[in-house]
């Protein structure tokens with residue numbers, strides 16, 4: 001029994017080492033589909049020829065536009081709860097469990113009033129959360145914060161993960177924008193700033 005436990009532990013250690021502690025291309029922080037209850041540079045120009053997906057609608061609710069797409073699959077196979085607040089000029093894409101609709105901790109916020117794209121990422125392997133802030137105009141990563149709100153940008157740079165953090169954020173932003181335009185026939189910016 002002891003030999004089995006040692007073998008399992010060794011295999012786990014090798015797996016963690018091979019994946020960089022569960023890291024992905026976006027700064028070594030692997031986005032996870034952990035339920036929220038578990039822990040406390042792309043152009044936005046739209047093509048007028050894009051048609052909305054059949055049955056896709058943004059419904060007005062308390063001055064906001066909302067929709068739920070459990071099968072979005074844009075971020076690690078998760079669904080989306082989408083909340084667009086034209087008054088605040090924001091669009092929130094909250095990841096949800098496709099089966100239950102329960103919210104995960106990962107989300108993405110397009111904030112046109114402040115000119116930022118903010119991505120919240122929970123890393124299940126370490127139980128850590130990070131916030132990536134990018135400039136909407138340039139697509140450049142501006143800052144990485146930990147769950148306590150502390151700027152950990154220098155640590156991310158020191159680990160050689162700044163570029164991958166920026167490219168991971170840019171990729172997710174582009175994927176969400178492409179999904180949104182295909183689904184609703186308008187850009188995220190058009191919906192949030194209308």
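What follows is calculated from the coordinates using simple rules that are stated; it is not laboratory data. Computed from a predicted structure; not experimentally measured. Cβ coordinates were reconstructed from backbone atoms using ideal geometry, including for glycine residues, and neighbour counts include every protein chain displayed.
Some points to look at:
- Overall form of region 96-165 per C-alpha gyration tensor (a/c, 1.5; a/b vs b/c): oblate
- Each peptide in 176-183, 155-162 gets a packing score, the mean of other Cβ atoms within 10 Å over its residues, and the list from highest to lowest is 176-183, 155-162.
- Whether region 137-187 is rounded, prolate or oblate, judged on the alpha carbon gyration tensor where a/c under 1.5 counts as rounded: prolate
- Inter-centroid distance (Cα atoms) of region 157-190 relative to region 54-88, Å: 16
- Tensor-based shape of region 64-194 (alpha-carbon gyration tensor, a/c under 1.5 rounded, otherwise prolate or oblate): oblate
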